[in-house]
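The values are calculated or read from the model by the stated rules, or taken from the named source; none is laboratory data. Everything numeric in this text was worked out from a predicted model, so none of it was measured. Every residue, glycine as well, gets a Cβ built from its backbone with ideal geometry; the counts of neighbours run over all protein chains shown.
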Amino acid sequence: MKQFVVIGCGRFGSSVAKTLYGLGFDVLAIDSNEDVIQGIADSVTHAVQADATEEAALKSLGMRNFDVAVITVGSNIQSSIMATLIVKELGVKYVVAKAQNEQHAKVLYKIGADRIVFPERDMGVRVAHNLVSSNILDYIELAPDYSIVEISALQEWEGNNLRELNMRAKYGINVMAIKHGTEINISPSATDIVKKGDVLVVIGHNDDIQKIEKKA
C-alpha cells in the first residue's frame, strides 16, 4: 500500500491529506503551525509539527519510506522550492507540488518535481466550463490540448447507440464511460444505448469539446 506525506496543511493540503486517509492510505501530515497539526491529527495516520525547509527534520521523519510527497506550501515560494528539493534528495519516488504561477512551476520541475498542480487555476477552468454550458458537469485538463469531460447526454443523442452516434467521427471524442443513475458502465460497447439523463465521460481535443459545449 502506498504511503503519502503531505507537507503544508492549508485548505488544499488538508483536503488532500484527509481524502487520501479516507481512501485507506497511510498519510503523514506536516505543517509548521501547531494549531493546524492539532486540527488535522484525527483525520490522518500521523500529524507532525515541523519545518519542511530543514533537511534534518524531514530526514528524521523517514522521508525515504514514502512513495509520494505532496508539497502544498504554494503561498511561500521559497519554502515550496526547498521542501521539494529536500524530499526529492531524501529519496521520495514521486513528488507532486503546488505552484503559484508558471515561473514557480518551471523551477519546481527543474529541481525534480514529477507533477505540478494549480488548484485555484484548475478549479477556475472547471467552474468556467460549467457556467458556459449547463451540460458540462466536470472538466479535467489532461494536457494543454486535451481534456476529460463529464457531459450530460444531449437530447439528439438519446435513444441512439454509440455505433449510430459515431462520436469519434462526428465530434472527435471518445466515450470512456456512461453513467446512468448510480450505475457506471466503464467499458461501453458500440451497441450500448444513450438514455435520457445519462452522463458521458469523454476524452477529446479541447477544440472538439468546445464545439459540443456550444451545441448544449
- Message: modelled with pLDDT of 95 or more and of a type in the set (Gly, Ala, Ser): is that true of Ala83 in this structure?
- Response: yes
- Would you check if Leu61 is touching a residue at least 40 places away in the same chain (Cβ under 8 Å), over 28 Å from Pro144 (Cβ atoms) and hydrophobic (A, V, I, L, M, F, W, C)? yes
- Note on the structure: The residue from Gly13, Gly91, Gly8 that alone is at positive phi, touching a residue at least 24 places away in the same chain (Cβ under 8 Å) and crowded, with 17+ Cβ neighbours inside 10 Å is Gly8
- Task: May I ask you to list the residues in region 14-27 that are out of contact with any Gly (no Cβ under 9 Å at 6 or more places or on another chain) and either in a helix (DSSP H, G or I) or of a type outside the set (Phe, Trp, Tyr) (or both)?
- Result: Ser15, Val16, Ala17, Lys18, Thr19, Leu20, Tyr21, Gly22, Leu23, Gly24, Asp26, Val27
- Message: Condition first: within 19 Å of Tyr21 (Cα to Cα) and polar (S, T, N, Q). Can you find one or more residues in region 94-108 that meet it?
- Response: no
- Message: Exactly one of these conditions fails for Asp67: (1) surrounded by 14 or more Cβ atoms within 10 Å (Cβ to Cβ); (2) over 21 Å from the mean Cα position of the chain (by Cα). Give me its number.
- Response: (2)
- Message: Would you confirm whether or not region 164-171 contains a residue that is hydroxyl-bearing (Ser, Thr, Tyr), in a helix (DSSP H, G or I) and at pLDDT 85 or above?
- Response: yes
- Hits in region 1-13 (condition: part of a helix (DSSP H, G or I) and among the charged types (D, E, K, R)): Arg11
- Query: Taking the condition surrounded by 17 or more Cβ atoms within 10 Å (Cβ to Cβ), free of Cβ contacts under 8 Å to residues at least 60 places away in the same chain and part of a strand (DSSP E or B), does Ala47 pass?
  - Reply: yes
- Hey, does region 194-214 have a residue that's part of a loop (DSSP other than H, G, I, E, B), modelled with pLDDT of 90 or more, surrounded by 17 or more Cβ atoms within 10 Å (Cβ to Cβ) and in contact with a helix residue (DSSP H, G or I) (Cβ under 9 Å, 6 or more places away or on another chain)? yes
- Note on the structure: When every residue in region 95-120 that is closer than 13 Å to Val73 by Cβ and in a helix (DSSP H, G or I) is compared, the one modelled with the lowest pLDDT is Pro119
